[in-house]
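The values are calculated or read from the model by the stated rules, or taken from the named source; none is laboratory data. It should be emphasised that the depicted structure is a prediction, and the values quoted were computed from it without experimental measurement. Cβ atoms come from the backbone with ideal geometry, glycine included; neighbour counts cover every protein chain shown. Ligands, DNA and RNA are excluded from the accessible area calculation, which covers all protein heavy atoms including side chains. Shrake-Rupley method; radii C 1.70, N 1.55, O 1.52, S 1.80 Å.
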Amino acid sequence: VRAVACLPALVGAWRHRAGGLLLSASGVSPFKRADLQMPQLLGERRPRTLNMSQIGDVLLHEGDAGFGPKVEAVVVYNSNPVAVAPESAKVAAGFAREDLFTVVLEHFLTDTADHADYVLPATTQLEHWDIHGSYGHTDVLLNRPAIEPQGQARSNAQIFRNLAMHMARLDPAFAAACFSDSDEALCRAALAQTAIDFDDLLQQGFAHIPLPDAPFAEGGFATPSGKCEFDNPALARLGINTLPDYLPNYEPPTAAYPLAMISPPARNFLNSSFANVASLARMEERPLLEMHPDDAAARGIADGDRLRVFNQRGEHVCHAAVNGRARTGVVVGLGIWWRKQGANGTNVNELTHQQLTDIGRAPCFYDCAVQVEKFKELSA
């Protein structure tokens, strides 16, 4: 069921959960993003924006196809797209292009860093300034460096400052004073003239955002009427039903691929983060596919068997977990292991597709049909 159309634009929303109400803190952080992004420096220029959920197609196309000119250079930071982006066989092939210049800012040699022309050592959370909001509470948190950057590590912002210094020789716009602001100065700018006092952050590490306990008790939603609008006329201009609606699967199960696959993060991983931590990987043991006993029995599969999970996009080799957690007709591919950790050099995103959602243009990771069979070992 598609979410109520006005809710993504709201500062927060009441949601039913476990018989109670949960107030989402998403979007309540008061950060002044324009003072960090400095859109005025663009002038008349309007860089194109490409959706990372389609990065496989983006990197493989030869020009236009809805994406514009061929992408010739990529800088990756705070992400591991070869592991986390959908239809990852295409993503890996795109990053493997000989004519693609790739720079990755990283702590580890991830699947993506393996394809880099240059890997630049990034600072860890212990080594740089930052400020954080949260989904789970209404505090602003200060990340204060505990140690100096180790070795040649630099923060993302420092790398971009150094890059701007060199680019200023070609374009005077990069000589603007903001390109010399330190990371601490950027943190201060993000909170300047807001209700958060940066000195409070320095003293205690956090500051509370002054919000009422029930912020929408008197209305004040981010809609034209100020009310929660379940009927959103603006969607009509997009050709979308203005009311909450049921949308059928983009990829429904078929005779060839009869099982719906979802791929939530494994308990000890956060997307692809921590998959390379030996102690956490040991707790997860190995890439698993959770199956209902009926689906497993119909395929002659027992708990622990090596599996081939496949569809028209590729195949992923993992092991069966017949533990009663998956319902009939649904398999759960726990992720996100790095591709290099997979038995055949893949992870669950070998099977996911690049179709986008109708409103938010987000990936449809949980709309995926597959077939499963016991892996057949090749005889000598």
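With respect to (1) closer than 22 Å to residue 119 by Cβ; (2) in contact (Cβ under 8 Å) with a residue 60 or more places away in the chain, the lone exception for residue 71 is condition (2). Per the conditions (1) buried (at least 16 other Cβ atoms within 10 Å of the Cβ); (2) in a helix (DSSP H, G or I); (3) in contact with a helix residue (DSSP H, G or I) (Cβ under 7 Å, 6 or more places away or on another chain), the sole criterion not satisfied by residue 93 is (1).
Considering (1) closer than 24 Å to residue 37 by Cβ; (2) touching a strand residue (DSSP E or B) at 6+ places or on another chain (Cβ under 6 Å), the lone condition that residue 198 does not fulfil carries the number (2).
Residue count for region 30-68, restricted to those that are assigned to a loop (DSSP other than H, G, I, E, B), within 30 Å of residue 135 (Cβ to Cβ) and touching a residue at least 40 places away in the same chain (Cβ under 8 Å): 5. The combined condition, being at pLDDT 95 or above, surrounded by 15 or more Cβ atoms within 10 Å (Cβ to Cβ) and over 30 Å from residue 150 (Cβ atoms), is not fulfilled by residue 75. On inspection, residue 319 qualifies as modelled with pLDDT of 95 or more, open to solvent by 20 Å² or more (accessible area, probe 1.4 Å) and touching a Pro at 6+ places or on another chain (Cβ under 8 Å).
When the residues of region 327-337 are filtered to those that are modelled with pLDDT of 95 or more and buried (at least 24 other Cβ atoms within 10 Å of the Cβ), which remaining residue is farthest from residue 84 (Cα to Cα)? Out of the qualifying residues, it is 331. Within the option set 183, 139, 130, being crowded, with 16+ Cβ neighbours inside 10 Å, charged (D, E, K, R) and touching a residue at least 60 places away in the same chain (Cβ under 8 Å) holds for one residue only, 139. Look at region 209-234: where a residue is over 25 Å from residue 196 (Cβ atoms) and free of Cβ contacts under 8 Å to residues at least 12 places away in the same chain, no partner that is open to solvent by 40 Å² or more (accessible area, probe 1.4 Å) and not in a loop (DSSP other than H, G, I, E, B) sits 6+ places away or on another chain with Cβ atoms under 8 Å.
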